[in-house]
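The values are calculated or read from the model by the stated rules, or taken from the named source; none is laboratory data. Since we're looking at a predicted model, the values are computed, not measured. Glycine gets a Cβ as well: all are built from the backbone with ideal geometry, and neighbour counts include every protein chain shown.
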Amino acid sequence: MSAIWYIIFPFATEFIMKMLYRLLGIWSIWSPLAMITSLTIPFLILNEKIRIVKIIYLPLVYLPIYINIIHILLFNSEISTNSFMSIFETNLQEATEFIVHFRSMKLLMMTLLFWGVGIVSFLFHDQSFCDYKIRIRIQKKYLITSFFIIYPIFCFGDHRYKYPFEKLLFAYIEYRQDFKRNIELLNKRAGFRFKNIKSLVSSGEPQTYVIVIGESVNKEHMSIYGYNLNTTPNFNAMKSELTIFQEVRSAHCHTQKALKGILCFDEDFANGDIITFFNQAGFKTFWLSNQYTSGNCDSLTAMIGSMADVKKFINKSHYRTKLSSNCDEELLKYLQEILQDEAKRKIIFLHLMGSHLPYSRRYLPNFEVFKGRSKDARSVNVAQYNNSILYTDYILKSVIDMVKKLDDDAFVLYFSDHGEDVTEAQDSPHSHVESLSTPAMFDIPFIVWYSSKYKKINKKFIDRWNVNKVYKTNDLIHSIVAISRLTSDEFSEKKSIFG
Ligand SMILES: [Zn+2]
């Protein structure tokens, strides 16, 4: 009979955890403590020697709950399919950086406490801490409470609830299905062709189009968008040369989902992607990435990028060997080479690491302008984020200067995949987590620079631009096609920000 307690207690524990999380809004230190107590109660009040239960309990109950607690401490949300996406599409370098960024006494204390109490409970499991009669009474009490109160609430209260092990397993299965679907899509897409791709200009001038995809940049932290600190001095100085769109939001705040929307027609790879489009439009395509990839097929973005004529994933070479990552300016030397390429029509995608966590790793020491208050970790973190924006401003200015020198029919389009919630307020998670979805995670910059030749060739088109157009990035592929002055049966002018 007692075996059932090993099943019921984790249910009750998870339920308590969720309730505390919802009531308090934040994951307080008391919630895990309550969980640990609850998890160890079966060991304290039961002494039946059901060793098989003991063996099953550790991997199926105790470990998954520990993983979930750590996930909540790190990301302020429970483990989900997105977590597996991040785990399997993150290489060792990124994972280590993440842990370094989040290393905290809270995490360490939780680990020691959780496993300390767990191991002690396991060791003393065979010795009863209670008199037999008391034990029976406690069992009856818990049985009634569980079945008549906790279990029904759990069943009807939240359909998303899953048993801890089940939660991990289902999230993993879902992730594998996504992965398999990507591979199948790639196979199915073999031979895919867009219909009637045409260029709307016939000047014969060399075309050099550059799309810079930023990372985790919230426009509210850019002085060009009105932030009170001077985080974009270069952009401010060249403001008259820029077109700054004010109302652009990302459709998702998870990188993979956001980029799938940006790089594919109708947010679906099966309907064609941006690289295939430009390949078929007769452009020479380039993909330069400072983003992590654990293999060209492990991430949809890397898979799309790898279809470019020339691709370079610069962080891959440092995989497993180096803790510190490349700063984005490492990409500039490759860009310089590409700009000398003799192809007449070039489109270059630069995928920056931008302001990805940990912020302090995204810029060089001479960009450490904002400091934050010492002994105030949150304000230091915000300052580091601002430094990463300052650094990105420098990168973008460098890209524009390099393209400007060519005197081609050229533009540089910059936007971020999604935003980031990073303020000094206590409820700011300092991250981008889809399950939280705060406005700051979606408010992104969208800025265009174009050359004088581009302006001359496309004057009427530019005159139609409305910088206050409310726009979501799940249609952004149409905007990239439009600004490149191309059209096809798949393209919809209505879905373009420039339309
Ligand atoms: Zn991202």
**Flag for Asp489 being of a type in the set (D, E, K, R) and in a loop (DSSP other than H, G, I, E, B)** = yes
**Message:** If I go through region 418-461 residue by residue, how many of them are part of a strand (DSSP E or B) and among the hydrophobic types (A, V, I, L, M, F, W, C)?
**Reply:** 4
**Item:** Given (1) modelled with pLDDT under 95; (2) more than 30 Å from Gln336 (Cα to Cα); (3) not basic (Lys, Arg), index of the condition Ala383 fails
**Value:** (1)
**Message:** Out of the residues in region 230-253 meeting the condition of being within 16 Å of the ligand (Cβ to nearest atom) and surrounded by fewer than 23 Cβ atoms within 10 Å (Cβ to Cβ), tell me which one is farthest from Leu390 (Cα to Cα).
**Reply:** Ala251
**Request:** Tell me, please, whether a residue that is more than 16 Å from the chain's Cα centre (by Cα) and either among the hydroxyl-bearing types (Ser, Thr, Tyr) or within 16 Å of the ligand (Cβ to nearest atom) (or both) can be found in region 414-423.
**Result:** yes
**Asked** Quick one: which of Arg361, Arg345 is more than 16 Å from Ser289 (Cα to Cα) and modelled with pLDDT of 95 or more?
**Response** Arg345
**Asked** Is it the case that some residue within region 439-455 is in contact with a strand residue (DSSP E or B) (Cβ under 7 Å, 6 or more places away or on another chain), in the same structural domain as Gln336 (by TED's automatic domain parsing) and polar (S, T, N, Q)?
**Response** yes
**Request:** Only residues that are of a type in the set (Ser, Thr, Tyr) and within 16 Å of the ligand (Cβ to nearest atom): list them for region 254-277, please.
**Result:** Thr255
**Complete:** The lone condition Ala383 fails out of (1) buried (at least 16 other Cβ atoms within 10 Å of the Cβ); (2) more than 27 Å from Arg249 (Cβ to Cβ) is (2)
**Asked** Looking at region 432-465, which of its residues are among the acidic types (Asp, Glu), within 16 Å of the ligand (Cβ to nearest atom) and surrounded by fewer than 18 Cβ atoms within 10 Å (Cβ to Cβ)?
**Response** Glu434
**Asked** Within region 395-409, is even one residue within 16 Å of the ligand (Cβ to nearest atom), of a type in the set (Ser, Thr, Tyr) and either surrounded by 17 or more Cβ atoms within 10 Å (Cβ to Cβ) or part of a strand (DSSP E or B) (or both)?
**Response** no
**Scan of region 196-209 for residues that are touching a helix residue (DSSP H, G or I) at 6+ places or on another chain (Cβ under 7 Å) and at pLDDT 85 or above, ordered by number** = Ile197, Val201, Glu205, Thr208
**Item:** Test: residue in region 463-475 that is of a type in the set (Lys, Arg) and more than 25 Å from the chain's Cα centre (by Cα)
**Value:** yes
**Unique residue being more than 16 Å from the ligand (Cβ to nearest atom), in a loop (DSSP other than H, G, I, E, B), among the basic types (Lys, Arg) and at pLDDT 70 or above when the list is Arg176, Arg181, Arg193, Arg160** = Arg193
**Request:** Among what's in region 348-379 and is away from the ligand (no atom under 16 Å from the Cβ) and of a type in the set (Ser, Thr, Tyr), pick the residue that is nearest to Lys312 (Cα to Cα).
**Result:** Tyr363
